[in-house]
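First comes the structure, then the notes that go with it.
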Amino acid sequence: MNKRKIFITGANGFIGTYLLPMLAELGDELTVLCRDPNKVHPNRPRFPANVKVVKGDLLQPKSYREALIGQDIIIHLAADYRVGIAPSRLEHQKMYQTNVTGTLNLLNEAKRAQISQILYTSTTAALGETQGVLLDETHRHNGYFRSYYEETKQITHVLVERYQQQGMPIKIAICGGVFGQGDNSVLAQTLSAFFNKKIPFQVSTNSTFQLCHVEKLCDGLLRLLALDKPQETVLFTGDVFSMPEIFTLLSEIQKTAPLPIKNRSRLRPLAWLMDKLALLGLSMPLSCEALRIMDGSTYTYSSYKAEQQLGWTAGEPLNDFKTYIQSLADQYTSLNKERK
């Protein structure tokens, strides 16, 4: 097998740091684009040896244009994944530029450099609400966006599909939620706050979402990359979870009483006030955007296509998640003992 030359964005993000060692193990020649090459997350895998690092920005194509020359594959992982952001024009502009403008810049540069394969990571949020049914890759968003992240990823997904339909060799991986050591998502921040005893209550909600371990997702990405088809769109999801179920697991692990439940509607005035404070630059634990996500929505999709065409499996996400939160609980117990 010939050594593949692969250019990766978002390589020092959560998924990227797990994917890189897997690619290196296959013998691929890796080039990564980083805005800050020195930024290292202590709980994530380190870059493998012999990775070429290009300091640049998706919003400045000239900063990486030369690095694309001679590359065989682009893996586009970079995204601004934040939920509950301040409802300001500046914050929305930042997210739009990264998720939409940055992706379009990269695709145009890929066309210029005649890249033979592109792997774009989308999200189930880009396909939208499912009314509790496990839907497939053909589902389309209904136009109601609970977060600005969801909106920008939906816009980008449609644009990437358009390039795909026009003949560009693009594979789209539609990912559900992921977890693992080094995660810094809203879910991970919630787990951290729980173990630090900074969550006084939980919000009433029956919203559901899907999770699988980051290593399982990376296995799926590698399988899709190896698929002998220039264009394909595949969902990679996992088990269905809800926040009440997760809080129950956390309480069981900590052997503590369940958190009291606050009615979501009664929290709206507080969320509105916190949004106003967030506009002043303050970090707030609650937002109107966060409450919208808890409105009973479901983002649940089937990985049947990935299972049939790629032989992929999410494994046992529930058991993996229990192991993950137990490891977090042990870490925080050790830290609290050291502080004493």
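Select from segment 236-334 those chymotrypsin sites (Phe, Trp or Tyr not before Pro) which occupy a DSSP coil region and have at most 12 other Cβ atoms within 10 Å, ordered by residue number.
none
Find the centroid of the Cα atoms in segment 10-59 and in segment 257-311, then give the distance between the two in whole Å.
Cα centres, segment 10-59 to segment 257-311: 30 Å.
Multiply the residue gap between TYR144 and GLN60 by 0.36 nm, knock off their C-alpha separation, and tell me the result in nm, one decimal place. Show your work: numbers first, answer last.
Details: separation 84, 0.36 × 84 = 30.24 nm, distance 3.14 nm.
So the extension gain works out to 27.1 nm.
Please work out the FRET efficiency for the pair GLN309 and LEU277, using the Cβ-Cβ distance as r and a Förster radius of 41 Å; give the result to the nearest 0.05. Walk me through the numbers on the way to the answer.
Working: r = 48 Å, r/R0 = 1.18.
With a Förster radius of 41 Å, E is 0.25.
Between LEU227 and LYS255, 0.36 nm times their residue separation minus their Cα-Cα distance comes to what?
Working: separation 28, 0.36 × 28 = 10.08 nm, distance 4.60 nm.
Full extension from LEU227 to LYS255 adds 5.5 nm.
If the chain between LYS39 and GLU91 were fully stretched, how many nm would it gain, using 0.36 nm times the residue separation less the Cα-Cα distance?
Working: separation 52, 0.36 × 52 = 18.72 nm, distance 2.18 nm.
Result for the pair: 16.5 nm of gain on full extension.
Please give, to one decimal in nm, the separation of the simple spin-label points placed at ALA49 and GLN114, each 7 Å out from Cα toward the Cβ.
Taking the two extended label points, one gets 3.5 nm.
So who's got an amide H within less than 5 Å of the one on VAL32, skipping anything under 5 residues away but keeping other chains? H placed 1.01 Å off N, in plane.
ILE8, LYS52, VAL53, VAL54
No value in this document is a laboratory result; all are computed from the given coordinates. This structure is a prediction, so every number in the text was calculated from the model and none was measured. Note that each Cβ is placed from the backbone with ideal geometry, even for glycine, and that neighbours are counted across all protein chains shown.
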